[in-house]
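Enquirer: Encoded as structure tokens, here's the structure I'll be asking about.
The values are calculated or read from the model by the stated rules, or taken from the named source; none is laboratory data. Keep in mind the model is a prediction, meaning the values are calculated, not measured. Note that we place each Cβ from the backbone using ideal geometry, even for glycine, and neighbour counts take in every protein chain shown.
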Amino acid sequence: MRAVSVEDLWWRYQASSEWTLKGVDFEVEKGEFVGIVGPSGAGKTTLCLLVAGVLSKSVKGVCKGKVELFGKDALRTSVKQLSEEVAIVLQDADTQFVTMRVLDEVAFPLENFGLSREEILERVSEALEFVGMKGYEWKHPHELSGGQKQRVAIAAALAKRPKLLILDEATSDLDPLGKREVLSVIRKLREGYDVTAVIVDHNTDDLVEFVDRVIVLEGGRVVADGDPRAVFSRIEQLRTIGIRIPQPTELAFRLGAANGELPLTVEEAVKALAPVKDRLRLLDGEVLENPSRSEKLVSFTDVTYVYEDGTVALNGLSLNVWKGEFLAVIGPNGSGKTTMAKLMVSLLKPTSGRVEVMGVDSRALSPTMLFSKVGYVFQNPDYQLVCDTVYDEVAFPLRQLGVDEKVVKERVQWALVSVGLNGLEETPPFFLSKGERQRLALASVLAVKPQLLIIDEPTTGQDERNSRRIAELLVQLNKSGVTIVVITHDLRLVSEYAERVVVLNNGRLVTAGSTRKVFTEHLETLASIGLEPPPVARLMKELVGRPALTVKEVVLCERA
Amino acid sequence: MEKGKVRTFFTYVDERYMLVRAHPAVKIVSLVVLNIIPWIIEAPAPLAFFLASLLLAASLMKAPLSKLRNYLPYLLLVAQAVVLSYVLGSRIPGNVVFIEFPWGCYVTDKTLLYMGSVVLRISSMLVGSTLVFLSLRDTDVVYGLKSLGVPFSAAFAFNLALRFSALFLDDYARVRDAMLLKGAKLDAGNPLERAKLLSRTAVPLMVIAVRRMQDLSFALELKGFPPSGRRTFLYQFQWSRFDAAAFALLTVATAGVVIAKIVSPLLSFPGWPFV
């Protein structure tokens, strides 16, 4: 039986002259798990909302074509009727939490549908049990982690007993542990729940584990649709579009070592590469921390930070940030990464201990004193964009410094060229795409030429092309002498670009050292706090006993 | 959400405080009544009596009065503003003139008395509201308003506003931090310049709020909101004897104050309205 049928679907938002979807065609069979991938702006969310039947009734736009959901015309049937059959879990866990208790949240749609109290309680209990949130009924959203909130969102969706579940980047904003929690629920759904699922995700390494089929969207069109193995075999095409290739697939393709089908997962790759196992080598000359780094930019000495509500965010942290390094700070949510960054820019002062920024005690500093030396880019660029045009946005910090307008113009041009936004000077910032807004936020920080740049989750929610673009920009900046501190959950980014890694957990320093050392010698420690190195590290550990950091450093030697 | 930075309107004090166990409608009515009565009373002595009675009643109901300490700075701030505005900008006739300013305003014995009344009125409203807010649970707003006849959709929208205003405050704090990190001197310098800089926070806040509202509307629609047919309510609140007594007391108190204001000068400020 057909669950979803989309025929020649076109959609244009009223405010836009461009079509977001341009003749999309696909079908989903009942019980199928379908993944949708594509670069930012490809129309993935628009497609999901149209399939759910909600967009065409809530947002002004032009719609052509046909969407059928279990035989019903989704474009014309009321949302009320469709909402009993389809459920959607969005990216932002907080926005979806419309009540203030887990129990109320899961019960809310059931109350709206007028089910009996007994049935509501039974379904709530069953759904919470399924997602592993039993016992959390009376918790408030602020008492839950991101992963737990998304599991509650899935429970609220499942309690309706929908025929179709849509997960639109439901794991994008989560830390590795949260991601794993949600993924394990999806795995369970696949194994034992009578539901059809459409899953949108940038992280193809995770996606291939759950889906029967992958649809690739680009510029509002379906450019590939089929079995994941067949789709991900089109590596060159996907790379051009800007889609992340699962690392095991990429590695096998690069080595030309898989006979026939390319592997999708680590397990498959272990089998596929087993015949050439003895010829695999790692180009991993031990990269140590650069010994020439002796000038401290920031130092933490036995720093503790306690929030007003008594939460201990940092507990006796001691570490240095060296001039010129590319440092990654990793750790699960709540490990103290952002608090550490805020202490470095003097937004917070230590409760005890000492933070020195460029030799000065941070207690004697303020953010406005430091902003020309230490730049901070937020995870969500929208918090940072306060002006009417791109030009003014980049000029804003320079004008605060009282810089001459001629110099302002030069610096703005330089910063915009650096991030690839030149030519958009007069555009209002909020008309830019998310990737562009992120680069604009970075440009406005770069314009003052800081010595130290702190960037929070630069790749979260970004597609592969934007992630690479930002990472490569950071490398360039680092080469030009800017010290980079990246706070991230993206261990693929860390392993490819960072020189040194600091691992935090529960406000304490777990380990610090060169990226290779941390990812080679501390795999178990990382795993114990929910941090999983990229698939290629696990794959090479399995095959040759030593983890690799990137796909590029694995080579196949000629037979002796 | 960021560690240690959680904002919520609900304090979740324990059930020893009797008002916590009350019917949601009683809590909502209390909130309204405790804000109306101080507006009716004008004279300082009855206002002081009302405030004292309020504190006594709260203490008898085992309210966690120590929590009021958290709100003291706000009260002092408001009191300061009241004192300054009456001292510098009023012309209340009185028997003794203490100070006369070149711009024509003056301070008399009546100014001081009236100032005291205003401070007592605001204190009563703040203390009364806080004592009710301390007892509120998240379901109370929806169920309380609904049992008073407000349509469910409107009651839920009000509750949603409370939930999202907490997120809005977080957003504001982040935008403000971002401004500081761009060199905006929000805490020092010319107040006009500061106000101008601060007004820029409206742009991102508005954009973020609009995006959030759009996602929220999608989420709500797919959760079957607003309900088109009969809706089930998970919680069932029964009226207790305490609720009936509290309701009666609130009604009698409001009626008594209104009647006393009409028939006797006891609650009015002597000489009001000033001419």
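Enquirer: Restricting the search to region A:105-119, which residues are at the interface with chain B (Cβ under 7 Å from one of its Cβ atoms) and of a type in the set (D, E)?
Expert: A:E111 - this is the single residue of region A:105-119 that is at the interface with chain B (Cβ under 7 Å from one of its Cβ atoms) and of a type in the set (D, E).
Enquirer: Collect the residues in region B:129-157 that are under 19 Å from B:T232 (Cα atoms) and among the hydrophobic types (A, V, I, L, M, F, W, C), keeping them in residue-number order. Before you say what the answer is, go through the steps one by one.
Expert: We begin by selecting, within region B:129-157, every residue under 19 Å from B:T232 (Cα atoms); these are B:138-157.
If the condition is that a residue be under 19 Å from B:T232 (Cα atoms) and among the hydrophobic types (A, V, I, L, M, F, W, C), then B:V141, B:V142, B:L145, B:L148, B:V150, B:F152, B:A154, B:A155, B:F156, B:A157 are the ones that fit.
Enquirer: Given the criterion β-branched (V, I, T), closer than 23 Å to B:P226 by Cα and at pLDDT 95 or above, identify the matching residue among A:V98, A:V89, A:V124. Spell out the reasoning first.
Expert: Values: A:V98 fails: at pLDDT 95 or above; A:V89 fails: at pLDDT 95 or above.
Of A:V98, A:V89, A:V124, the one residue that is β-branched (V, I, T), closer than 23 Å to B:P226 by Cα and at pLDDT 95 or above is A:V124.
Enquirer: Sticking with this structure for a sec: Scan region A:30-45 and report the pairs whose first residue is within 16 Å of A:F232 (Cβ to Cβ) and whose second residue is among the small types (G, A, S) and assigned to a strand (DSSP E or B), with Cβ atoms within less than 6 Å and a gap of 6+ or a chain change.
Expert: Listed by first residue and then by second, the contacts come to A:F33/A:A197.
Enquirer: Turning to a different aspect of this structure: Determine whether B:S240 is of a type outside the set (A, V, I, L, M) and either closer than 19 Å to B:L47 by Cα or at pLDDT below 90 (or both).
Expert: Working: of a type outside the set (A, V, I, L, M): yes; either closer than 19 Å to B:L47 by Cα or at pLDDT below 90 (or both): no.
Taking the combined requirement at face value, the residue does not satisfy it.
Let's see how each residue does on (1) touching a Leu at 6+ places or on another chain (Cβ under 7 Å); (2) farther than 25 Å from A:V124 by Cβ; (3) not hydrophobic (A, V, I, L, M, F, W, C):
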site: A:T20; (1), (2), (3): no, yes, yes
site: A:V28; (1), (2), (3): no, yes, no
site: A:G38; (1), (2), (3): yes, yes, yes
site: A:T46; (1), (2), (3): yes, yes, yes
site: A:L55; (1), (2), (3): yes, yes, no
site: A:V62; (1), (2), (3): no, yes, no
site: A:A74; (1), (2), (3): yes, yes, no
site: A:F97; (1), (2), (3): no, no, no
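Enquirer: While we're looking at this one, here's another question. In region A:120-159, what count of residues is obtained for those that are closer than 26 Å to A:M1 by Cβ, within 13 Å of chain B (Cβ to nearest Cβ) and more than 28 Å from the chain's Cα centre (by Cα)?
Expert: 1
Enquirer: Under 25 Å from the mean Cα position of the chain (by Cα), within 12 Å of chain A (Cβ to nearest Cβ) and farther than 30 Å from A:R399 by Cα - does that describe any residue in region B:224-244?
Expert: no
Enquirer: Just name the residue that is nearest to A:G65 (Cα to Cα) out of those in region A:1-28 that are of a type in the set (D, E) and surrounded by 14 or more Cβ atoms within 10 Å (Cβ to Cβ). I'd like the intermediate steps shown before the answer.
Expert: Keep residues of region A:1-28 that are of a type in the set (D, E), which gives A:7-8, A:18, A:25, A:27.
Filter once more, keeping what is surrounded by 14 or more Cβ atoms within 10 Å (Cβ to Cβ): A:25, A:27.
On the way: A:D25: 9, A:E27: 14 Å.
Across region A:1-28, the extreme among qualifying residues is A:D25.
Enquirer: Got a sec? Which of A:L255, A:L262 is in contact with a helix residue (DSSP H, G or I) (Cβ under 6 Å, 6 or more places away or on another chain), over 30 Å from A:A157 (Cα atoms) and in the same structural domain as A:T550 (by TED's automatic domain parsing)? Reasoning before the result, please.
Expert: On the way: A:L255 fails: in contact with a helix residue (DSSP H, G or I) (Cβ under 6 Å, 6 or more places away or on another chain).
Matching residue, one of A:L255, A:L262: A:L262.
Enquirer: Quick one: in region A:76-101, of everything that is more than 7 Å from chain B (Cβ to nearest Cβ) and surrounded by fewer than 19 Cβ atoms within 10 Å (Cβ to Cβ), which residue is nearest to B:L234 (Cα to Cα)?
Expert: Restricting to residues being more than 7 Å from chain B (Cβ to nearest Cβ) and surrounded by fewer than 19 Cβ atoms within 10 Å (Cβ to Cβ), the top hit is A:E84.
Enquirer: Next up: I need a count of the residues in region B:197-225 that are part of a helix (DSSP H, G or I), buried (at least 20 other Cβ atoms within 10 Å of the Cβ) and of a type in the set (D, E, K, R).
Expert: 1
Enquirer: May I pose another question? Looking at A:V4 and the list (1) in contact with an Asp or Glu (Cβ under 7 Å, 6 or more places away or on another chain); (2) within 14 Å of another protein chain (Cβ to nearest Cβ); (3) not basic (K, R), which single condition is not satisfied?
Expert: Going through the list (1) in contact with an Asp or Glu (Cβ under 7 Å, 6 or more places away or on another chain); (2) within 14 Å of another protein chain (Cβ to nearest Cβ); (3) not basic (K, R), A:V4 breaks only (2).
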